[in-house]
Amino acid sequence: MKADAAISAPPIFEVSGLTKVYRTGDVEVRALNGVDLRLEAGEMAVLLGPSGSGKSTLLNIIGGLDHPTSGSVKFKGKELSGASDRELTSYRRDHVGFVFQFYNLIPSLTAWENVALITEVARHPMSASDALALVGLESRMHHFPAQLSGGEQQRVAIARAIAKNPEVLLCDEPTGALDSATGIIVLEALARVNAETGATTAIITHNAGIRKIAHRVFTFLDGRIASMETNETPVKPSEVQW
């Protein structure tokens, strides 16, 4: 019975024929040009490709930060494409955690306080202390951002994203501002969150070595998915060749 339910369960995301066109005067830019994509529950996906290939645009749309020009985006079988701004706000609040290249922490608040802000608006949050422990910062939670390294600040940002217990964790260049040793620590935190919370995790990166930690890798080019590969045995972040 459980196996049948698992087989029939819809994917976390099902994207079909997705396009996004930006217009400035007479200039038209197709950021996405007919993208089809499925992300399954609990998987870790890496999105590779050069700047301008459509990766961030896709992440913004499935994360409810932007509207597509055409095409379909479904979250757990429910259509998001035509959702109102109010509906998308609720969707982001209840289901999605974001991690960006820049940490966007509030300087006057401690790590714990930065994370606790999210728990005040989430429906079913974990405690700020538990979220920080999950990324290995239980001993640094009362430090201010200026007292933390770049990697520690990024892990606070991850803790902030997961404190709401999201079903989806969307990461746009989370290691882009970090050196290799620090980047691996951040990837270890993301892998641990994926394994322990089951949050479907998508990571945008320019670093091709990171592809090996993913269950699946999508390579973007000119607004399309040029290829998809599956890793039968994803490696640990510590084994990534930076």
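The values are calculated or read from the model by the stated rules, or taken from the named source; none is laboratory data. The structure displayed is predicted, hence computed values, not measured ones. A quick note on method: Cβ atoms are made from the backbone with ideal geometry, for glycine too, and the neighbour counts reach across all protein chains shown.
Here the condition is being among the hydrophobic types (A, V, I, L, M, F, W, C), more than 25 Å from Thr89 (Cα to Cα) and either surrounded by fewer than 18 Cβ atoms within 10 Å (Cβ to Cβ) or in contact with a His (Cβ under 8 Å, 6 or more places away or on another chain) (or both); of Ala189, Ala195, Ala122, it holds for Ala195 alone.
When region 15-48 is examined, which residues are found to be in contact with a His (Cβ under 8 Å, 6 or more places away or on another chain) and over 26 Å from Arg93 (Cβ atoms)? The one that is in contact with a His (Cβ under 8 Å, 6 or more places away or on another chain) and over 26 Å from Arg93 (Cβ atoms): Leu48. Considering only region 152-162, I want to know if a residue exists there that is surrounded by fewer than 20 Cβ atoms within 10 Å (Cβ to Cβ) and over 21 Å from Val35 (Cβ atoms). The answer is no; no qualifying residue exists.
Cβ separations smaller than 8 Å between residues 6+ apart or across chains give no pair from region 170-194 residues that are aromatic (Phe, Trp, Tyr) to residues that are at pLDDT 90 or above. In region 93-112, the residues that are of a type in the set (D, E, K, R) reach residues that are loosely packed, with under 15 Cβ neighbours inside 10 Å with C-beta atoms within less than 8 angstrom, at least six apart or across chains, in these pairs: Arg93/Val121; Arg93/Arg123; Asp94/Arg123. In the set (1) surrounded by fewer than 17 Cβ atoms within 10 Å (Cβ to Cβ); (2) assigned to a helix (DSSP H, G or I); (3) within 15 Å of the chain's Cα centre (by Cα), the condition left unmet by Ser238 is number (3). In region 128-141, the residue that is surrounded by the most Cβ atoms within 10 Å (Cβ to Cβ) out of those that are farther than 10 Å from Ala159 by Cα and free of Cβ contacts under 8 Å to residues at least 24 places away in the same chain is Glu138. The listed residues are Ser108, Ser81, Ser90, and the only one of them that is modelled with pLDDT under 95, assigned to a loop (DSSP other than H, G, I, E, B) and either touching a helix residue (DSSP H, G or I) at 6+ places or on another chain (Cβ under 7 Å) or farther than 21 Å from Leu187 by Cβ (or both) turns out to be Ser81. Close contacts from region 221-232, counting a first residue that is among the acidic types (Asp, Glu) and a second that is assigned to a loop (DSSP other than H, G, I, E, B) and surrounded by 12 or more Cβ atoms within 10 Å (Cβ to Cβ), with Cβ to Cβ under 7 Å and a gap of 6+ residues or different chains, come to Asp222/Ser53. Against the conditions (1) in contact with a helix residue (DSSP H, G or I) (Cβ under 9 Å, 6 or more places away or on another chain); (2) in a strand (DSSP E or B); (3) closer than 20 Å to Val96 by Cα, Lys74 satisfies every one except (1). Taking region 199-218 as the range and being in contact with a Leu (Cβ under 6 Å, 6 or more places away or on another chain), within 12 Å of Leu59 (Cβ to Cβ) and polar (S, T, N, Q) as the test, only Thr201 passes.
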